[in-house]
Amino acid sequence: MNSNNIRLASNKWSGWFNPHFDIGLHICPPSGKAISPRQRSGGRTGSRGSRPPAATGRKKGQSLIEVMVGLLVIIPIGLAAVDIVVLTNASQNNEEIAETAARAASTKPNAASATNAVQQIVERVTLNNVVQDLQIDDVNFDLGKGTVSVSLIMTVKMPVPFPNFSTVSCKAGAIQPIVSTPAPR
């Protein structure tokens, strides 16, 4: 198609104030007479334009398949994000509980009372649908170093269980200086 076959066509009244302003590119056959969009589409106009009716059905079907495949990818990612948020929150809570238990144990004079203080902190924790269990892993009351270390294990049930990933154990530990023993003389 050369530039002689294309011309800019508009109606008699031009300008932005004319509500009937119609400007468009019309393809001119070698005869030089412009062809309107209605003539180009074979008399059909509207939303289908010059496409055959079967093309719209295929297009809708293709869009439906694209949406279905997209949802098959997006939904598992969203569900995994929910699990990650729950696991992160549970892990932070476990670290805070371990820190609180280590502080409580650091104020006690011996290992037995330090273990008892940690047990009391663990018993005060309320379990829910997500946090299934909280256990003491280790309490190390070391007078030689002047520190007490506490480690806890929290069992977390995932809200959206994936295969081999329905429960997770989070381990957290904390170390605090012993503040209950008097300084040597």
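The values are calculated or read from the model by the stated rules, or taken from the named source; none is laboratory data. This structure is a prediction, so every number in the text was calculated from the model and none was measured. Virtual Cβ from ideal backbone geometry, glycine too; neighbours counted across all protein chains shown. Quick note on the areas: whole protein, heavy atoms, side chains included, nothing else; ligands and nucleic acids left out. Shrake-Rupley method; radii C 1.70, N 1.55, O 1.52, S 1.80 Å.
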Tabulate in residue order the Karplus-calculated ³J(HN,Hα) for segment 158-170, using 6.51 cos²θ - 1.76 cosθ + 1.60 with θ = phi - 60°, rounded to whole Hz; enter x for Gly and Pro.
6, x, 10, x, 9, x, 6, 8, 8, 10, 10, 9, 10
Would you mind telling me the share, in percent, of accessible area of segment 120-178 contributed by carbon and sulfur at probe 1.4 angstrom?
47
Under the Kirkwood approximation for Rh and a Cα-based Rg, what ratio Rg/Rh is obtained for segment 61-185?
1.26
J(HN,Hα) series, segment 97-109, from Karplus relation 6.51 cos²θ - 1.76 cosθ + 1.60, nearest Hz, glycine and proline x
5, 5, 5, 5, 5, 5, 5, 5, 5, 6, 8, 9, x
Provide the packing ranking of 106-117, 149-160, i.e. peptides ordered by the mean count of other C-beta atoms within 10 Å per residue, highest first.
149-160, 106-117
Taking 0.36 nm per residue of sequence separation and subtracting the Cα-Cα distance, how much length would be gained by fully extending the chain between Leu143 and Glu96, in nm to one decimal?
14.5 nm
Given H placed on each backbone N at 1.01 Å, which residues far from Asp137 in sequence or on other chains put an amide H within less than 5 Å of it?
Ser151, Leu152, Ile153
If I model a spin label as a point 7 Å beyond the Cα along the Cα-Cβ vector, how far apart are those points for Gln62 and Val82 in nm?
3.4
How about Lys157: which aspartates and glutamates have a C-alpha closer than 20 Å to its C-alpha, ignoring those fewer than 8 places off in the same chain?
Asp83, Glu95, Glu96, Glu123, Asp133, Asp137
So what J values fall out for segment 70-83 if you push phi through Karplus, 6.51 cos²θ - 1.76 cosθ + 1.60 with θ = phi - 60°, rounded to Hz, Gly and Pro as x?
x, 5, 5, 8, 6, 4, x, 5, x, 5, 5, 5, 4, 4
